[in-house]
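Quick notes on the structure that follows.
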Amino acid sequence: MDSETNKKLPVTDPLKSEGKEKNGSAMTKQGAYAAISYMASAVLLVMFNKAALSSYSFPYANVITLFQMLCSCLFLYVLKFWKIISFTTSEPQNMSNNPARLVSFKTLLHSLPLALSYLLYMLITMESVRAINVPMYTTLRRTTVAFTMIVEFLLTGQKHSLRVVGSVGIIILGAFVAGARDLSFDAYGYAIVFVANICTAVYLASIARIGKSSGLNSFGLMWCNGIICGPILLFWTSIRGDLEAMRNFPSLFSPGFQVVMLLSCIMAFLINYFVFMNTTLNSALTQTICGNLKDLFTIGFGWILFGGLPFDLLNVVGQSLGFFGSCLYAYCKLKGQ
């Protein structure tokens, strides 16, 4: 029994995590591990998604999201079948492996708001990646911190110290400075990114709130998201004709494209896991700040691999300000401020 328990992947118990960030406590080792792992997987996911949508000119962003959801459910079921993971913190050993009975209908219904916010978050984020170049995408996404602070306060009453608010202000200032002279300005692209920011804030705040009341751990919440959102997205892509049109995509059977799609699905599974870990162990705002910290690497790789934004000193200054604000926030949280 003990050996079987030791084999299980680390999960979060939302009930035990409740209140840690509210009191401004310092980040734990497990919380730091979740944050760093999220940043690494997030950089790779953006690169693979951008490669599929831009380098291979794959026009069906919703199909990529659908494949990512299906693969995530498959990974979760296999890991659950092998008893490597569980969906709750106190799961009986004789629980059925029937996919329809892994989570009760009542629990699925309880997690419905989280799943729907996840679907909206996934679809609009994917569209925003395609609508704008990588450097400016990451720059505008930094303003998510402001939306997250507002949503956290409205949903959970979370308040932050003046130093944390100041670091967030520096991040937002950096974003506006960086985008002040964007020569490739696209109103549609900018609007989509800001909508994605709102969806991200609602989704992250929902994780903390619904996760604590559902009794599910990180994997259980991921399973509910896939089970609820998968059929909806499958229906949507079918009536839009995306699945049928995908069959005529010239690079569909290209080994390079298939490898990119596979890696995108794997990274999507990992990033979802680490998002849940980071949000429940730390906070929704910490998760958002981690997204800003990893932007430095995303911007660098995006410039090298995809281009799309001319070099501009003002942009570099703005990026540096945003990165400094993110580091200042991380310092405050490590010190428990």
Scan region 37-83 for residues that are free of Cβ contacts under 8 Å to residues at least 12 places away in the same chain and β-branched (Val, Ile, Thr) and jot them down.
Val78
Would you check which residues across region 126-168 are open to solvent by 30 Å² or more (accessible area, probe 1.4 Å) and farther than 17 Å from Ile198 by Cα and list them?
Arg130, Gly157, Lys159, His160, Ser161, Leu162, Arg163, Val165, Gly166
Are there any pairs with C-beta distances below 8 angstrom linking a residue in region 226-247 that is more than 10 Å from Met69 (Cα to Cα) to a residue that is among the aromatic types (Phe, Trp, Tyr), with the two at least 6 apart or on different chains, and if so which?
Thr237/Tyr60; Asp242/Tyr60; Ala245/Tyr60; Met246/Tyr60
Given the structure, is Val195 open to solvent by 40 Å² or more (accessible area, probe 1.4 Å) and in contact (Cβ under 8 Å) with a residue 60 or more places away in the chain?
yes
If you scan region 60-72, which residues turn out to be open to solvent by 20 Å² or more (accessible area, probe 1.4 Å) and at pLDDT 90 or above?
Phe67, Leu70, Cys71
Of the listed residues (Ser57, Ser41), the one being hydroxyl-bearing (Ser, Thr, Tyr) and open to solvent by less than 40 Å² (accessible area, probe 1.4 Å) is Ser41
When region 123-163 is examined, which residues are found to be in a helix (DSSP H, G or I), more than 29 Å from Gly230 (Cβ to Cβ) and of a type in the set (D, E, K, R)?
Arg163
Out of curiosity, is Gly215 open to solvent by 30 Å² or more (accessible area, probe 1.4 Å), touching a strand residue (DSSP E or B) at 6+ places or on another chain (Cβ under 8 Å), under 26 Å from Phe75 (Cβ atoms) and touching a residue at least 60 places away in the same chain (Cβ under 8 Å)?
yes
Conditions (1) hydroxyl-bearing (Ser, Thr, Tyr); (2) open to solvent by 30 Å² or more (accessible area, probe 1.4 Å); (3) modelled with pLDDT under 80 -> Thr88 fails only (3)
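The values are calculated or read from the model by the stated rules, or taken from the named source; none is laboratory data. Owing to the predicted nature of the structure, the values given are computational and were not obtained by experimental measurement. A quick note on method: Cβ atoms are made from the backbone with ideal geometry, for glycine too, and the neighbour counts reach across all protein chains shown. These accessible areas exclude ligands, DNA and RNA; they are computed on the full protein's heavy atoms, side chains included. Shrake-Rupley method; radii C 1.70, N 1.55, O 1.52, S 1.80 Å.
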